[in-house]
Structures are given as structure tokens and as C-alpha cells.
Amino acid sequence: MLVAFDRKAPTFRHKEYGEYKAGRKKMPEELAMELPVLKDILDAMGIYRFEEDGWEADDIIGTTAKMAEAAGVESYIITGDKDALQLATELTKVVITKKGISEFKLYDDAAMIEEYGFDHEQFIDYKGLRGDSSDNIPGIPGVGDKTAGKLIRQFGSIENILSHSAEIESARLREKIEEGATLALMSKRLATIVTNIPVDYSIDELEIKEADTERLRKIYKRLEFKKYLSALPDTEQSSESAGHKGSLFKAEDFELIYGSESLAANLNGSLYIDIVSDNSHTHMPSIECVQICRDKKCYLTSNIDLKIFDGAQLRLKGLSLQRVYYIFERYGIDTSRMTSEFDLSLANYVLAPHIRQEEPDFNDKSSQLSMFAGTEESFFSCAKKFAYLCGAEAELLERINAEGLDFVFRDIELPLCRILAGMEAAGIKLDKEALTLSGLELSKKAKLLETEIYELAGEEFNINSPKQLGVILFDKLKLPGAKKTKTGYATNADVLDKLAEDHPIVGAVLEYRTLSKLKSTYVDGMLSLADENGRLRPHFNQNVTATGRLSCTEPNLQNIPVRDEEGRKLRRAFTADSGDYCLIGADYSQIELRVLAHMSGEEALIDAFNDGRDIHAETASRIFGVPADEVSPQMRNNAKVVNFGVIYGMSSFGLADELTISRWEAEKYINDYFDKFKKVKEFLDGCVAFAEKEGYISTLYGRKRAIPEIHASRYMQRQFGERLAMNTPVQGTAADIIKLAMIKVCAALEKECKDSRMILQIHDELIIHANKNEADAVRRILKENMMSAAKLSVALELSSEEGNNWYELK
């Protein structure tokens with residue numbers, strides 16, 4: 001199950017049509033106050049939820065439904081919004097609710113044709129013609145439900161209507177259609193649910209988890225949900241919960257002060273702080289409220305001059321200090337003398353990285369702001385928040401120390417949050433003109449491929465429709481390997497990759513899909529996220545991944561394809577600010593394999609790395625039994641896949657699929673590898689045995705990840721848990737090393753290179769925006785600090801490049 005939410009941030013629809021959803025009433029405050037509670041309940045129930053700036057909930061739902069279809073999974077979309085009918089297929093059912101859930105109607109493709117006389121895809125054209133008053137989508141003026149339905153049944157699509165408008169019998173209607181052509185096409189775009197947005201979950205991750213009954217019990221007691229409370233089992237608090245169990249402080253213990261005048265004169269020492277803003281990434285954040293607590297005195301103000309913090313020597317504590325530092329940085333506040341002393345979100349994260357953390361509900365931020373007039377109630381909300389934080393700090397720090405996580409928390413995560421905020425605030429310049437031209441070039445190439453595909457198919461069809469593509473490939477062209485699903489033939493990338501040599505149309509379709517995704521996801525997506533000065537400010541999430549790696553959103557720069565030239569070219573749009581500056585990148589070489597060599601103690605790998613030998617050729621030489629100078633490129637490539645496959649716990653099935661070989665050959669490769677590198681096998685088996693016994697696994701620096709899946713009753717889940725036990729120590733240690741390198745590099749830059757700063761971290765690469773006069777010093781700082789970030793039995797190596805844009809760094 002997945003529950004999708006909208007966000008306040010504008011989407012591409014708002015940017016294309018400024019009046020999109022204009023006139024819609026603002027969400028009632030009473031409902032806005034309930035949303036955080038609803039999300040808290042969903043989390044406690046073990047139900048996955050997702051929301052993403054720039055996309056509507058419908059786009060999330062549509063993407064997830066298509067993911068389910070690709071996996072052959074039947075799904076149900078439960079909604080009161082008929083927009084979702086465009087997603088109804090044989091495999092995806094849309095349940096339209098009426099009067100709550102007491103009445104509903106179920107739609108699939110057959111039901112759509114029965115009720116409307118056309119299919120789910122044509123429903124988008126229908127909406128484009130008639131418009132939608134609730135979303136303020138204009139449609140064609142004067143074309144209502146009946147006329148729109150009749151036109152779609154006659155012509156099939158808006159494009160076909162426009163190209164055959166002469167066949168419309170009514171002269172008046174024909175005139176409306178021709179005059180409203182632009183509006184109709186725009187309305188169709190606005191009404192189309194995007195089904196390929198970037199999401200960070202798979203279908204398997206949406207399995208409903210075991211509910212946290214004690215967390216639910218507290219929520220239900222507070223809300224007086226007696227019926228639901230009585231249905232809960234009588235169990236102790238789940239050990240999975242990382243949150244604060246109880247407060248040592250009460251709001252009544254705090255003195256409440258409106259305004260911050262007396263605070264300005266005493267800016268030193270520890271300070272609890274929370275800054276509430278609109279969290280905008282494309283505009284300067286607008287501060288709504290600043291809450292500060294020191295020595296049991298709570299200050300609440302909406303008109304504070306942040307300059308009082310400039311250069312102050314402070315030890316900060318808060319709910320999420322990355323957010324606080326980000327706002328400071330955007331307002332030009334010098335944070336170099338500030339240190340992070342306690343962060344609630346990071347404390348919970350290091351204790352339970354496998355659990356999605358949420359900020360506590362303090363009854364409630366939205367109501368507090370609405371009463372912002374110095375009332376006792378707004379003061380009480382401020383005091384309640386900091387009473388909670390003060391109580392949580394002592395308890396969580398005690399647990400962090402008891403779990404041996406003090407180094408991870410204090411020496412890695414806390415210093416890093418200021419660095420990440422600075423990177424986000426600095427952003428990177430986007431050459432919008434160059435990116436727009438790249439988009440036009442991609443569209444042009446896609447159009448040529450479209451023509452080629454039609455010629456190879458012998459007819460025109462919707463290339464983006466898996467159903468229609470399947471008919472062409474398997475019914476008309478009789479290609480082998482057809483796999484039937486409930487909606488037609490499977491045409492996902494895995495299927496098409498295996499057919500690429502059977503017919504040229506397959507390669508053309510794969511390339512068409514790649515170009516279309518580059519255009520829609522990266523070109524259009526990044527253009528919409530750039531601010532008025534042409535800067536992108538990607539957000540680096542510190543507390544999302546269970547391994548400790550950073551993730552990136554708005555946009556996700558880590559996902560820009562680099563294996564093909566078209567994807568790499570997009571990096572040209574990321575540039576230095578001017579001719580006085582350049583970008584300098586340093587990339588760790590095979591850091592995860594080096595970590596594996598160190599943690600396993602495998603002498604053959606350690607010696608190969610320290611002697612500077614080609615590790616993939618070395619592996620190929622050993623598993624294929626040939627001298628290193630006789631290793632062919634194919635052997636080296638296969639060995640490379642095996643090397644990285646071992647880190648990720650790849651099975652013989654996975655390896656066979658990756659190398660397009662038989663499972664027997666794949667199994668032999670793996671067995672030969674472990675026969676030649678016995679200590680690697682012992683290390684991985686030891687990780688699995690440890691996780692089975694203790695229920696968690698650790699990195700070299702003590703970061704822990706619970707692995708409940710390893711004790712699951714289902715075989716597939718247990719296998720998944722074993723893979724996590726094998727790959728987490730290596731991936732997590734590499735992530736810790738990169739974070740430590742970032743901290744060392746940024747400290748050196750602040751001391752030596754005042755006009756250069758880190759702006760991006762992409763996988764194992766750090767990118768610095770450098771003044772050209774400081775370039776030599778920056779390269780030295782990167783080399784010294786990245787190579788000394790960890791002391792391993794193998795040397796850390798890196799490559800470094802300099803250029804005017806990101807593309808030139810590779």
C-alpha cells in the first residue's frame with residue numbers, strides 16, 4: 001500500500017499555466033492541522049507514504065501503478081477524483097469513492113468503454129476538450145461533457161480532431177475547435193498524469209510493515225479513538241521504535257517571552273533553535289517564525305533580524321539543524337563559528353536508519369502560526385516543543401552512547417549538516433539556454449526515431465503504450481520471448497534488452513525511451529526547479545538511506561545517466577559562475593572494493609591495490625586461470641561485474657541476467673571467485689551469521705543498521721535480508737569515509753580558500769566551485785584530505801579534473 005500526498009510547491013502545470021487550480025479555496029485550517037496527525041498514524045500502521053515537491057499526488061499514484069503493472073502486480077487506486085480514470089487498465093483498477101467509502105464504483109478498461117465509449121488513454125483527450133473546473137483547466141470554451149464525449153468517440157484524440165476538423169458537421173462547433181486548438185492541447189498536457197516521475201522506492205518496499213502498536217496506542221489515546229484503541233493488541237513498546245519515549249520536562253517549566261530583544265545581548269553557549277519558513281527551493285525562503293530557547297526561557301518572534309546571529313559563537317540544538325543552517329546561509333549569516341550540539345532528526349536516524357523519521361507533532365505548527373499575535377497559546381506551543389527537545393536530548397544521547405554510536409553521531413552526522421546546508425544554499429549555476437537547446441535536440445532526435453520506428457513497424461502506433469508496442473513486437477513482427485501479462489505483453493527494459501539483436505525496431509524503441517526520459521525528467525524537470533537567477537539548489541538528504549549514503553532531490557543529480565553520451569551532455573549545463581571561477585572534481589577510485597579488501601583482510605586484493613594493479617584484470621586472471629597480460633576485454637568486463645556483484649550480494653540469477661550467460665556459467669564464476677578469494681567469502685558469510693544472531697550489522701565506524709528481514713518467514717525476504725547483511729558494511733563504510741572527507745575538505749577550504757566552496761557530492765565524487773587563483777590550493781586540499789579520510793590496509797586513490805562545467809570533469 002502507498003498513500004500519496006500533494007505538496008504546496010508548484011508543479012510543472014503551475015509553471016505552464018499560471019491559472020492552474022486558481023480560485024480553488026484554501027485548505028481549511030482545521031484540515032491542515034489534521035494532516036500531520038494522519039501521516040503519523042500511517043507511519044505507525046506501517047503503511048508507506050510519499051510526497052515530492054514539483055509533483056502532484058496523482059503523478060506519484062500513476063508512476064506507482066505503472067511500476068506495479070511492469071511487475072505484473074494487480075493494483076487498486078482508491079480516490080474520489082475521476083482524473084485517475086486515465087490510469088484504469090485490466091491490471092490497474094480505479095475505485096471512485098462516493099459519500100466517504102460507503103459507496104464506490106470500480107473501473108477497469110472494460111468499465112471505461114461501457115460508461116464512456118472510449119478507453120482510459122482517451123479519457124485524457126476527453127478532459128482536454130471539456131476542461132476541469134475544479135483544477136481550472138480551461139478546455140475549449142463551449143464544449144461540454146456530451147460534445148467532448150461524442151468527438152472523442154468519433155475521432156479518438158484531440159490531435160486527430162484538429163487534423164480532421166473539416167469533417168465536423170456543425171460549423172459552429174468546428175469554429176470553436178479550430179479557435180481553441182492551443183487551449184485544448186495545453187489542457188490535455190495539464191490533465192495528463194505523469195507516470196514516470198523519479199521515486200526512491202520499489203514495489204517490494206511498499207509491503208505493509210508490522211504496525212507499531214505502542215505508537216498507535218499513544219496517538220489513539222490522545223485523539224480519544226476508543227474504538228480503534230480497544231482493537232489494539234496488548235503488547236510492549238516495539239523495539240523498532242527509535243523515538244523519544246517520554247519527556248523529563250513540561251512546558252509549564254519554561255518562562256515564555258514574546259520577542260527576542262533580550263536574547264541578542266546574550267548570544268553565546270548552547271541554544272535551542274527552530275526556524276519555520278516556506279521551505280522554498282526556487283525562491284528566497286520567507287521566514288514565518290523563529291523559536292529560540294535558552295535556560296528554560298522561550299522566545300517566539302516573527303520579525304527577528306537574523307543578523308544578530310552573524311558570526312556568533314553558538315552550540316546549536318534543534319529538530320533539524322540542516323534546515324536552520326540553510327536559512328542562515330541564504331540570508332548571508334556567517335555560520336563558521338557555530339557548531340551542532342544536538343539534532344533530534346539525526347539522533348533518531350543513527351539509532352534506527354531503517355525507519356523513516358518524521359518530525360514530532362506539537363499540536364500543531366500550523367495552528368501556532370495562525371494565532372501568532374503574542375497569545376498565551378502560541379507561547380505554550382513554543383515551550384511545549386522545547387520541553388520535548390530537552391527531554392529527548394538526554395534520553396537519546398544516553399541510547400546513542402550505549403549503542404556505541406557516539407562517533408557516528410558527533411563526528412560524522414552533526415558536523416555534516418552545516419556543510420550540506422551550505423552546499424544547498426550555494427547551489428550551482430544552470431545554463432538554462434544550453435539546457436533548453438539540449439531539450440530541443442533530444443526532441444528532434446526522438447522525432448526522427450519515431451519516424452524510423454513507424455517505418456520498421458509498418459504502421460503508426462503509440463510507442464509509449466506498452467500494450468500497443470507489445471502487439472507490434474510479438475503479434476505482428478513475431479519476435480521471440482513473449483511474456484503475457486493481464487494487460488498484454490511485457491515490454492519493460494529487461495524484456496527489450498534481450499530482444500535487441502532480434503530486430504532493429506527494439507534498439508530504436510529503447511533509444512526513443514531514453515531520449516524521452518532525458519527530455520521530460522531532466523531537461524524539463526531541472527528547468528522548472530531553477531530559481532529566477534538560474535541557480536539549482538539540490539537538497540542533500542542526510543537521514544534517508546539505511547546505509548548512511550546521502551541522497552539527492554530537487555533535482556536528483558545522482559540519477560543523471562552517464563553511461564551514454566546524451567545523458568553526459570546534460571552536465572554541460574552545470575557551470576561555474578563566471579570566467580574567474582572553475583569547477584574542480586575529485587572522485588574516489590573503486591572505494592567500495594578497497595573497503596571490501598580491508599574489511600575482509602583478503603591479501604590478494606590488498607596486494608593488488610597497493611601495487612597499483614588493475615583490480616578487474618587481476619580478478620579475471622584468477623577466476624579464468626590465465627596470465628594477467630592475456631586477459632581479454634570481455635574477461636575483464638565479466639570480472640568487473642563479478643567484483644561489484646559480490647559487494648551487492650548478487651545471486652547467480654542476477655549475474656546470469658547481467659552478463660547474458662547461463663545460470664550454470666554464472667554460478668561457476670561466483671564459485672571460482674570465492675575459491676580464489678576465500679577471505680572475502682568468509683567475511684560475507686560472517687556478516688550474514690552476525691546479522692542472524694544480533695539482528696543488525698555495522699560499518700567500520702560503528703554505524704548500525706537493523707535487518708529484521710533476515711528473520712522473516714518468507715524465503716524471498718530472508719534472502720533480501722542476507723544481501724543487506726553482506727552489502728551494508730561495505731557500502732556504509734564507504735559512505736562514512738566520504739562524509740569524513742567532506743568534513744575535512746570543507747574545514748580546510750574555510751581556513752585556506754575563502755572564495756572556494758564545496759557545492760556537490762555525487763556518489764564518490766566531491767565538486768568544488770573554485771576561484772581560479774585558489775585552484776592549486778583546492779586540488780591539494782582535495783587530495784590530502786580525501787586520501788587521509790580513513791586509514792585502511794589499502795591506499796585510497798582518486799582522480800581529479802578541472803573544467804568550466806560539470807561535463808568537463810569527466
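The values are calculated or read from the model by the stated rules, or taken from the named source; none is laboratory data. In this text, all values refer to a predicted model and were calculated from it rather than measured experimentally. When we count neighbours, we look across all protein chains shown, and the Cβ atoms used for this are built from the backbone with ideal geometry, even at glycine. These area figures cover heavy atoms from the full protein model, side chains too; ligands, DNA and RNA do not enter into them. Shrake-Rupley method; radii C 1.70, N 1.55, O 1.52, S 1.80 Å.
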| query | Normalised by the residues of the stretch 636-780, what does the relative contact order come to in percent, with Cα pairs under 8 Å and at least six apart? | reply | 15
| Whole-Å distance, taken between Cα centres, linking the stretch 133-194 and the stretch 733-810 | 55
| For the stretch 451-529, size of Cβ-based charge dipole, Lys and Arg +1, Asp and Glu -1, in debye | 420
| query | By per-residue mean of other Cβ atoms within 10 Å, what is the highest-first order of 435-447, 57-69? | reply | 57-69, 435-447
| remark: Of all DSSP beta bridges having both residues in the chain, the percent classed as antiparallel (nearest 5) is 70
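By per-residue mean of other Cβ atoms within 10 Å, what is the highest-first order of 450-462, 609-621?
The densest-packed peptide leads the list: 609-621, 450-462.
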| Using bins 5 angstrom wide from zero, how does P(r) for the stretch 159-239 break down, in % of all Cα pairs? | 3, 11, 12, 9, 7, 6, 6, 7, 6, 6, 6, 8, 8, 3, 1
| note | Relative to the compact-globule estimate 2.2 N^0.38 Å (N residues), the Cα gyration radius of the stretch 623-700 stands at a ratio of 1.23
| remark: Output ordering of 536-542, 304-310 (per-residue mean of other Cβ within 10 Å, highest first) is 536-542, 304-310
| request: Against the globular-protein guess of 2.2 N^0.38 Å, express the Cα radius of gyration of the stretch 271-340 as a ratio, rounded to two decimals. | output: 1.04
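Only four residue types carry charge here, +1 at the Cβ of Lys and Arg and -1 at the Cβ of Asp and Glu. Report the dipole size of the stretch 504-646 about the Cα centre in Debye, rounded to the nearest 20. Walk me through the intermediate numbers first.
Values: 16 positive and 20 negative charges, 102 e Å.
Its charge dipole is roughly 480 debye.
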| query | To the nearest Å, what is the center-to-center distance of the stretch 459-499 and the stretch 554-605, using C-alpha atoms only? | reply | 35
| note | Rounded to the nearest 5, the percent of antiparallel DSSP beta bridges in the stretch 662-810 equals 100
| query | Averaged per residue, what accessible surface does the chain expose to a 1.4 Å probe, in Å²? | reply | 46
| task | Calculate the dipole size of the chain relative to its Cα centre from +1 charges on Lys and Arg beta carbons and -1 charges on Asp and Glu beta carbons; express the result in debye to the nearest 20. | result | 640
| If you roll a 1.4 Å probe over the chain with all protein chains in place, what percent of the accessible area is carbon or sulfur? | 50
| Distribution of pairwise C-alpha distances over the stretch 598-650, 5 Å bins, in % | 4, 22, 28, 28, 15, 4
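How high is the relative contact order of the chain, in percent, counting Cα pairs under 8 Å that sit 6 or more residues apart?
Numbers: 1279 pairs, mean separation 82.3, N = 810.
Value for the chain: 10 percent.
Among DSSP beta bridges lying fully in the stretch 48-177, give the percent that are antiparallel, nearest 5.
Close to 55 percent.
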| message | Tell me the net charge near Arg780. Cut-off is 11 Å between Cβ atoms, Arg780 excluded, with +1 for each Lys or Arg and -1 for each Asp or Glu. | response | -2
| request: Over all alpha-carbon pairs of the chain, lay out the pair-distance distribution in 20 Å bins, whole %, shortest bin first. | output: 13, 44, 36, 7, 0
| task | May I ask you to list, by number, the DSSP H helices of the chain whose Cα span along the axis is at least 27 Å and whose average Kyte-Doolittle hydropathy reaches -1.0 or more? | result | 376-402, 432-457, 715-752
| note | Square roots of five times the C-alpha gyration tensor eigenvalues of the stretch 374-515, ordered largest first and given in whole Å, equal 56, 23, 18
| said: Can you give the FRET efficiency to the nearest 0.05 for Asp776 and Ala747, using r as the Cβ-Cβ distance and R₀ = 22 Å? | reply: 0.75
| query | Where a ≥ b ≥ c are the square roots of the eigenvalues of the C-alpha gyration tensor, would you call the stretch 669-746 rounded, which needs a/c under 1.5, or, failing that, prolate if a/b is larger than b/c, or oblate? | reply | oblate
| said: What does the charge count around Val408 come to, taking other residues whose C-beta lies under 9 Å from its C-beta (Lys +1, Arg +1, Asp -1, Glu -1)? | reply: -1
